Amino acid sequence: MAREGIPFVVLFAVPALVAGTAAGMTGSVWLWGITLVFLLLTLFMAYFFRDPSRTVPSGDDIVISPADGKVLVVERIDGADASSPTQVSIFLSPMDVHINRAPIGGTVESVTYKPGEFRVASLKVASEVNEQNVIAINGSEISIVARQIAGLVARRIVCWKKAGDRVEAGERIGLMKFSSRMDVLVPSSVEVLCRVGDRVVGGETVIGRKIRD
């Protein structure tokens, strides 16, 4: 489990313990009901902040999904320009793993926080107006920009990397709390392999491969 989830687990586990102790002493059905509610919330928080291991594909010529979720958008930033980057947008539901991973290995060029709104993350406009962290990574063959985007519920974005850090492809770089969205801007030199509606797995699914001459 991600360490950021520990306070949320404790927040509900303590009331569950107190209510359960009181219910055991009094036999109150009402207190047992409260215990069950807090216990379910505790289990959900532990599940939500899970941090499973992943088998990361190797290769400097691939782009790996930075998050678990459903692909919402695959389109060029400027549809009329063949040299324009392609935006791949992934929506993370509350049931998805919310750990974010580096799409490529390389050096973090910049991490830029942009304040904004908290629109529903599945809306196209969220990429432009919502609060987000913009992470630029330069690799040996590919350079990408990834955006951690807050949603209606997700009100905090966590990034563990800073400019100058070295990252490996698939390495954990941050997380988003509750439903949210992650965009990857893939250069035109990379063939995008995912399509709208696909389910992708962070750190495992290859979503792009460099085009060879």
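The values are calculated or read from the model by the stated rules, or taken from the named source; none is laboratory data. Every value quoted in this text rests on a predicted model; they were computed, and no experiment measured them. No Cβ is skipped: glycine too gets one built from the backbone with ideal geometry, and neighbour counts run over all protein chains shown.
In this structure, is Lys114 within 17 Å of the chain's Cα centre (by Cα), of a type outside the set (Ser, Thr, Tyr), surrounded by 18 or more Cβ atoms within 10 Å (Cβ to Cβ) and farther than 15 Å from Ser65 by Cα?
No: the conditions fail for Lys114.
Which numbered condition trips up Ala67, out of (1) among the hydrophobic types (A, V, I, L, M, F, W, C); (2) surrounded by fewer than 17 Cβ atoms within 10 Å (Cβ to Cβ); (3) in the same structural domain as Arg156 (by TED's automatic domain parsing)?
It fails just one condition, (2).
Could you tell me which of the residues Ser53, Ser122 is polar (S, T, N, Q), surrounded by fewer than 20 Cβ atoms within 10 Å (Cβ to Cβ) and closer than 25 Å to Val9 by Cα?
None of the other options fit; the residue is Ser53.
Evaluate the following for Ile149: is it free of Cβ contacts under 8 Å to residues at least 60 places away in the same chain, among the hydrophobic types (A, V, I, L, M, F, W, C) and part of a strand (DSSP E or B)?
yes
Go through the range 88-119 and report how many residues are assigned to a strand (DSSP E or B), among the β-branched types (Val, Ile, Thr) and farther than 21 Å from Asp165 by Cβ.
Number of matching residues: 2.
So which pairs qualify, if the first residue must be in the range 110-129 and assigned by TED's automatic domain parsing to the domain that holds Ser180 and among the hydroxyl-bearing types (Ser, Thr, Tyr), the second must be assigned to a loop (DSSP other than H, G, I, E, B) and loosely packed, with under 14 Cβ neighbours inside 10 Å, the Cβ gap must be under 7 Å, and the two must be at least 6 apart or on different chains?
What qualifies is Ser110/Ala163.
Scan the range 181-213 for residues that are within 17 Å of Val145 (Cβ to Cβ) and outside any loop (DSSP other than H, G, I, E, B) and jot them down.
The answer is Arg181, Met182, Asp183, Val184, Leu185, Val186, Val190, Val192, Ile207, Gly208, Lys210.
Scan the range 1-60 for residues that are β-branched (Val, Ile, Thr) and touching a Phe, Trp or Tyr at 6+ places or on another chain (Cβ under 7 Å) and report the count.
Counting residues in the range 1-60 that are β-branched (Val, Ile, Thr) and touching a Phe, Trp or Tyr at 6+ places or on another chain (Cβ under 7 Å) gives 1.
Hey, any hits in the range 45-60 for a residue that's in the same structural domain as Ile142 (by TED's automatic domain parsing), among the β-branched types (Val, Ile, Thr) and either outside any strand (DSSP E or B) or within 16 Å of Met182 (Cα to Cα) (or both)?
No, the conditions are met nowhere in the range 45-60.
Do you know which of the residues in the range 162-179 that are over 12 Å from the mean Cα position of the chain (by Cα) and surrounded by fewer than 19 Cβ atoms within 10 Å (Cβ to Cβ) is nearest to Val73 (Cα to Cα)?
Glu171
Can you tell me which residues in the range 120-139 are part of a strand (DSSP E or B) and in contact with an Asp or Glu (Cβ under 6 Å, 6 or more places away or on another chain)?
Hits for the range 120-139 are Asn130, Ala136, Asn138.
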